[in-house]
1. How large is the Kirkwood hydrodynamic radius of the range A:166-291, in angstrom, based on all distinct alpha carbon pairs?
2. Please sort A:216-226, B:130-140, A:47-57, B:272-282 by packing, taking for each peptide the average over its residues of neighbouring beta carbons within 10 angstrom, highest first.
3. Determine the shielding of peptide B:230-238 by partner chains: average, over its residues, the number of Cβ atoms on other chains within 10 angstrom of each Cβ.
4. Translational diffusion coefficient, Stokes-Einstein: compute it for chain B using the Kirkwood radius over C-alpha pairs as Rh, at 4 °C and 1.567 mPa s, and state it as an integer in µm² s⁻¹.
5. Write down the radius of gyration of the range A:187-238 and its Dmax, each obtained from C-alpha positions, in Å.
6. Work out which helices of chain A, taken as complete DSSP H runs, extend at least 27 Å along their axis over the Cα atoms and score a mean Kyte-Doolittle of 1.6 or more, then list them.
7. Taking only the Cα atoms of the range B:72-225, how large is their convex hull per residue, in Å³?
8. Once you place label points 7 Å from the Cα toward the Cβ at A:Lys110 and B:Ala37, how far apart are they in nm?
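The values are calculated or read from the model by the stated rules, or taken from the named source; none is laboratory data. Model, not experiment: these values are computed from the prediction. Note that each Cβ is placed from the backbone with ideal geometry, even for glycine, and that neighbours are counted across all protein chains shown. To get the accessible areas, we keep the full protein, side chains included, count just its heavy atoms, and leave off ligands, DNA and RNA. Shrake-Rupley method; radii C 1.70, N 1.55, O 1.52, S 1.80 Å.
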Amino acid sequence: MKKRTITALALSVSLLLTGCSTSDSKSHAETINLLNVSYDPTRELYDDVNQVFSKKWKEETGQTVKIQQSHGGSGKQGRAVIDGLPADVVTLALAYDIDEVANNRELLNKDWENEFADHSSPYTSTIVFLVRKGNPKQIKDWDDLTKQGISVITPNPKTSGGARWNYLAAWGYASKKYARDETKIKQFMKDLYGNVQVLDSGARGSTTTFTERGIGDVLISWENEAYLSLDELGKDQYEIVTPSMSILAEPPVAVVDKNAKHKGTEKVAKAYLQFLYTKQGQEIAANNYYRPRDTELLKKYANKFPNIPMITIRDFGNWQKAQKQHFSDGGTFDQIYSTK
Amino acid sequence: MVLSIDQTDDKKKSKAAPTVLKEPKAVRITLTTISIAFLFIFLVMPLAVIFISALRKGFDVYVTSITEADAWSAIKLTLLVAVIAVPLNTLFGILAAWCITKFKFKGRNLLITLIDLPFAVSPVIAGLVFILVFGAQGLFGEWFLIHNFPIVFALPGILLASLFVTVPFVARELIPLMQSQGTQEEEASVSLGANGFQTFWHVTLPNIKWGLLYGIILCNARVMGEFGAVSVVSGHVRGLTNTMPLHIEVLYNEYQFTAAFAVASLMSLLAILTIIIKNIIEWKTSHH
């Protein structure tokens, strides 16, 4: 019996191995594999984009392109690309994470932000609040998040891209309210983050905490993620509150030149990202609740995307400066969070 | 672990001599109730929940969730990793246990400690170690990438991580067993003229087969179920480097709760199946 098991095992191993290798060699000949390393909330967006783009590329060039997806926290994904994940394109939550990729192993041009239009961010979003239906705690604006007895859910800015946008949006509001008085701003942020009950490591984790586990009165969230929660988990359970002021979140995209060159996918990788700027691509973005750059489409979907005053990352200088001032060790986040 | 081997003996004993039990009836009933309640709450109920949630949207949804391309590739990858990692660790476990229990040599204790290391180290650290060694900024730099043989974020990395976390299972199962059996039988065999391999095949192996089988089953379960270490080295590329546990997480995070539980139920079925196979083999051998 033992011998038979061993032969059976050996057979199944060889079968599996040959099965894999033949399918691999076949796909090399006929299809191009493109790996898009992205952050958490874009799963649904790129599901749609990939389908339409593959079809379009096939029609235009006759080549079959198969786009593979990897999702996770933005910083973690950038790290994986640096460590050797062979991404052809990166579509991350913020420019800082792509800067990090550019700073290592010469993976891409340091001037990547000017490769595509609009600082290489084909779609934008903003930061809004998701509250329980009927808004029982009457949360209207950033001030309400600092009140006693309010339980806030937001991810950790140290690990999550979305969380950094959340933090900067709150900072921007306080900065305007207190006329740039840093002591008062910090007190405001301290009160706000003092109310945070669960600090998850990623945006999707926070959403699950708020919705599935039912913790917290308000979730600070990407606008697109908030809309998605309504769709997936019920409009009868939550509602979106848009604050009086927020931040223009610009998730950037880039071709990872070194990997694309090595795999010979530069052309299709570039076309893939350019597709995001086309009418078709912009429409898909809008349907997935990302704010399109296209002004016509933005008007068309104005009821979905309320026009509110927004600061941008350039109000903080740039991501390198914002990162250093707020999120590096000893930055303002450490100051307000550790001394609470 | 040794318990399971003596199980059959225990049953015979308890049937033969129930009067030996002197504990008051109340104590026996309370203890039994507590253990059954415990098993029910921590084992039966969660298992039932998995299957109920998996079938909540009907059998069709269940079937599509596990035959869908990404799920199917995750299943194949998990089985492939198990088929490679389990035999390798079985071989290593037998060799290590054989060395440690039948011979005395310098560094024997060091070897025992090393085998235990993966139990002590967090799986996340185990994964990170491979990133530090084989990652593009690791010891070997981009050498593997340039030569189109990626280690991390590909099958070899997932294999290495799985091997690392499951090294102790077979060896740890065999060492106490072989220690308690001593070396007399082997000495007798050798003195009667058998060579090393004959001694191992005809004397040692039959003695340890149940412990070995138990170790293999534990090892297999862990290989298929490993999340932490594999998560670090996988890169999470769908349809390519996601194993079943990683795929379950992906589905759960995509609000596809039913599909997540469907794949989870498949993993539970695999686990239940291994236990049944173990029992069948045990039963068959005891009847021959």
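1. 17.7
2. Values: A:216-226: 24.8, B:130-140: 18.5, A:47-57: 17.0, B:272-282: 12.5.
Ranked from most to least packed, the peptides come out as A:216-226, B:130-140, A:47-57, B:272-282.
3. Mean inter-chain Cβ contacts per residue within 10 Å come to 5.
4. Rounded to a whole number, D works out at 59 µm²/s.
5. So, for the range A:187-238, Rg and Dmax equal 11.7, 36 Å respectively.
6. Working: long enough: A:2-30 (42 Å, 0.04).
Counting only whole DSSP H runs, no helix qualifies.
7. On the way: hull volume 21.5 nm³, N = 154.
Dividing the Cα hull volume of the range B:72-225 by its residues yields 140 Å³.
8. 6.8
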